[in-house]
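Below: the structure, in structure tokens.
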There are 2 protein chains.
Amino acid sequence: MVDPVKAVVILSGGLDSVTVLYWAQAQGYDVFALTFLYGQKAELEIKRAKEFTAKLGFTHKIIDLSALKEIYIGVTSLVDRNLDVTSEFTAPIIVPFRNGIFMSVAVAYADSIGAERIFYGAQGGDVANYPDCRREFYKAFEKAAQLGTEKTIEIDAPFGNVTKSTIISKAVELGVPLERTWSCYNQGPIHCGICESCLNRRRGFADAGVIDPTQYSG
Amino acid sequence: MVDPVKAVVILSGGLDSVTVLYWAQAQGYDVFALTFLYGQKAELEIKRAKEFTAKLGFTHKIIDLSALKEIYIGVTSLVDRNLDVTSEFTAPIIVPFRNGIFMSVAVAYADSIGAERIFYGAQGGDVANYPDCRREFYKAFEKAAQLGTEKTIEIDAPFGNVTKSTIISKAVELGVPLERTWSCYNQGPIHCGICESCLNRRRGFADAGVIDPTQYSG
């Protein structure tokens, strides 16, 4: 019997990355989850991320990069407590090169444990606004990763070219407990319902024709 | 008058990166230094890094990524207190994708402050053993950085194709207080003289025909 291929899944606790987690399991990968603290307001997503990996029995590392606040304060409302999270897509909700940082740590981890795949939850709807969600970006990063490690580590976003509603349908198929995923950019305890990420979530359920199990405060 | 171009310098406190710092100043860049804690034994290099930027009056961020220990324990002797630093080039002194991680944070920082250049201290002698010191690596990373930020950030290693002895000669020319740079992989208080990095340092001074001001214990 051949050992299953090891895969690192970058897991935020949000709907997209949790569905990637279940997808990777269904594909037969030996999954290692990696979650990052970077000073984000939405700490609840970390708690949820832990819930999922505990349930599935996966190795899960939480890496505290909250020192990145040094760089991100004054730059992004997802970190800076003095900036409001907006409902529109505007510069303050971009966290510059966040996926680049997460990927670089995932590459170091993959190299250390001998994983040949890295999966992350970029999705089709992010592509217009977030350059570090685009296939040309993560394939360029993959090349740098291979040159920098001399390993054949592949980076992929399994839902990189589908919409949120397709991911939701897929999640239902995979048995993901969607009500436990966390999308909101704010601190909770329940989804605000009005930030850009909550709006996408709501729209995704509506478009998929799936009843939205989420409790929203607004 | 045109504002000087902003440049982020990845600064370890070692001979190579400190010389890059002085070089960047001499080139007229508006320099922002970035130093990383990643659980390394050689904490003294951080102290020295601070000394140099204080002296030159540069903005300097120290980013605590010591949570990377989670990944690097058992993998590299530069971090793991249970592994000895060796004098030979062997796998345990490699820190997988370390430069990739440092660069990704430098890209986020450059994007946040509007810097157009990132410089780091890879040198010709590292190229054989450390894949993340090679030009093909950092140019691939540069491409990923540009795609991931939509900014024209350039990454360069000004001494990427010269030997340690050439850097030492250049450092003398630039007035770098070489006796304050720290190369040793161990904890100090003085250079061990026998780890791979100390051996390179000693050889570099000898080859450059410059009197080595370093105190070695072995």
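Read-outs throughout are calculated quantities, based only on the coordinates presented, and are distinct from any laboratory measurement. This structure is a prediction, so every number in the text was calculated from the model and none was measured. Backbone-built Cβ (ideal geometry, glycine too); neighbour counts: all protein chains shown.
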Net charge around A:Val210, counting only other residues with Cβ within less than 13 Å of its Cβ (Lys, Arg = +1; Asp, Glu = -1)?
+1
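Can you give me the relative contact order of region A:5-61 as a percent, contacts being Cα pairs under 8 Å and 6 or more apart? Before the final figure, lay out the partial values.
Working: 78 pairs, mean separation 22.4, N = 57.
This gives 39 percent for region A:5-61.
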